[in-house]
Amino acid sequence: MGPVGEVSTQILNPTAFLRSFNFSHLPEAERARFYRETRRSDGSLLREYELIAVDRDIEIAPGIFFPAWTYNGTVPGPTIRATEGDRVRVNFVNQGSHPHTIHFHGWHPPEMDGSLPEHQLAPNERFTYEFDAEPFGLHLYHCHAVPLKRHIHKGLYGTFIVDPKDARPAADEMVMVMNGFDTNFDAENEIYAVNSIANHYMQEPVRVKVGQLVRIYLVNITEFDLLNSFHLHGMFFDLYRTGTSRQAGEHTDTVMLCQGERAILETTFRYPGDFMFHAHQSEFAELGWMGLFRAEGPRRDT
Ligand SMILES: [Cu+2]
């Protein structure tokens with residue numbers, strides 16, 4: 001089951017990506033090149049980002065390289081995170097070979113939408129997107145240049161989290177972006193994954209603690225397929241669709257999301273050991289969208 005061999009994590013490291021918010025995986029000096037925050041008079045923050053579109057070959061399965069278009073060299077792009085009411089300012093430079101934009105989900109005026117032909121930035125052009133972070137929830141951003149499905153599936157997407165002012169309970173938080181790669185350009189995916197590298201979390205399980213609340217920010221950006229899904233073995237989770245309500249809408253072990261849909265999942269591991277998670281579309285699971293949680297600590301029966 002799964003591939004033979006390992007993918008180098010020099011370029012993409014899904015384990016580091018999982019818990020990186022606002023470039024938190026970078027050393028402080030390097031981080032400041034891409035992310036700065038300034039306190040405003042009303043107590044909220046101005047959060048400023050440097051995003052750069054660049055072409056880059058990424059290894060998504062052992063020996064399989066995909067000619068990606070990326071934000072800041074990674075697929076998915078960096079996770080952007082603000083609190084409701086903060087001001088978000090994104091200085092975007094297109095250093096790629098094609099016209100690109102950034103289209104954010106959330107409230108903003110039309111000139112900040114990055115979706116119309118006049119919003120497209122030719123190579124070497126730059127634009128500053130600026131808007132207030134609202135509503136709280138789990139959103140995304142992606143290129144909206146045409147043809148849209150090409151610009152998305154090439155890798156120009158990322159997660160945009162807006163936290164409520166009244167913060168969610170402390171948890172072990174992680175981002176999982178369900179994606180796929182069309183490696184032979186036949187408008188179908190040959191590889192599926194969360195966070196780009198097929199089977200990465202089978203080989204390097206997501207380590208969690210028994211008894212600690214785990215919060216998963218789950219985004220589906222898979223191109224070409226109508227739906228993707230997330231199924232967790234041996235337990236159930238609370239589901240907050242789009243993360244816009246504080247009340248869980250469902251208690252389930254499987255959620256399916258259309259392209260662009262997202263949901264926050266919360267659960268607490270009761271038993272130590274390995275718990276599989278994967279797309280419940282068996283084909284996707286077998287083509288790379290499969291992983292393990294490794295829960296550690298004494299068993300807690302409730
Ligand atoms: Cu684009």
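The values are calculated or read from the model by the stated rules, or taken from the named source; none is laboratory data. Here the structure is a predicted model, which means the values were calculated and not measured. Methodologically, a virtual Cβ is constructed for each residue, glycine included, from the backbone with ideal geometry; neighbour enumeration extends over all protein chains shown. Just the protein is used for accessible areas: all its heavy atoms, side chains included, with ligands, DNA and RNA removed. Shrake-Rupley method; radii C 1.70, N 1.55, O 1.52, S 1.80 Å.
Note on residue 282 and residue 233: their simple-model spin labels are 1.5 nm apart, each label 7 Å out from Cα toward Cβ. Solvent-accessible surface of the chain, averaged per residue with a 1.4 angstrom probe and all protein chains in place: 44 square angstrom. The stretch 224-302 and the stretch 182-204 have Cα centres lying 18 Å from one another. Length available on full extension from residue 37 to residue 172: 0.36 nm per residue minus the Cα-Cα distance, which gives 46.3 nm. The slack between residue 183 and residue 87, meaning 0.36 nm per residue of separation minus the straight C-alpha distance, is 30.7 nm. On full extension, the segment bounded by residue 130 and residue 97 gains 9.4 nm, given 0.36 nm per residue less the C-alpha separation.
The helix-based estimate of mean residue ellipticity at 222 nm for the chain, built from -39,500 (n - 2.57) per DSSP H run of four or more residues and divided by its residue count, is -1500 deg cm²/dmol to the nearest 500.
Just checking the listed ones, 107, 69, 289: in the Gaussian network model of the chain with Cα springs under 10 Å, the one fluctuating most is 107. If you take the square roots of the eigenvalues of the alpha-carbon gyration tensor of the stretch 89-219 and sort them as a ≥ b ≥ c, do you get rounded (a/c under 1.5), prolate (a/b over b/c) or oblate? Oblate, since a/c reaches 1.5 and b/c is not below a/b. Which loop trypsin sites (Lys or Arg not before Pro) in the stretch 242-302, with loop taken from DSSP, have no more than 13 other Cβ atoms within 10 angstrom of their Cβ? In loop regions of the stretch 242-302 (DSSP not H, G, I, E or B), the sparsely surrounded trypsin sites (Lys or Arg not before Pro) are 246, 299, 300.
When the chain is treated as a GNM with alpha-carbon contacts under 10 Å, the residue of 135, 62, 205 showing the greatest mean-square fluctuation is 62.
With contacts taken as Cα pairs under 8 Å and at least 6 residues apart, the chain reaches a relative contact order of 16 percent. Neighbours of residue 133, meaning other residues whose beta-carbon lies under 13 angstrom from its beta-carbon, give a summed charge of -2 when Lys and Arg score +1 and Asp and Glu score -1. Among residues other than residue 292 with Cβ under 14 Å from its Cβ, the summed charge is -1 (Lys and Arg +1, Asp and Glu -1). With the simple model of a label 7 Å out from the Cα in the direction of the Cβ, residue 116 to residue 252 spans 3.7 nm.
Here the accessible area of the chain is 51 percent carbon and sulfur, with a 1.4 angstrom probe and all protein chains present. Spin-label model, residue 226/residue 29: points 7 Å from Cα along the beta carbon direction are separated by 5.4 nm.
Rounded, prolate or oblate: which one fits the stretch 174-302, using the alpha carbon gyration tensor with axes a ≥ b ≥ c (rounded when a/c is under 1.5, else prolate when a/b beats b/c, else oblate)?
oblate
Checking the a/c ratio against 1.5 first, then a/b against b/c, what shape does the Cα gyration tensor give for the chain? Oblate is the answer for the chain, as a/c is 1.5 or above yet b/c matches or exceeds a/b. Within the shell defined by Cβ-Cβ distances under 13 Å, the residues around residue 238 carry a net charge of +1, with Lys and Arg each +1 and Asp and Glu each -1.
If only the Cβ of Lys and Arg carry +1 and only the Cβ of Asp and Glu carry -1, the dipole of the stretch 16-68 around its Cα centre is close to 260 debye.
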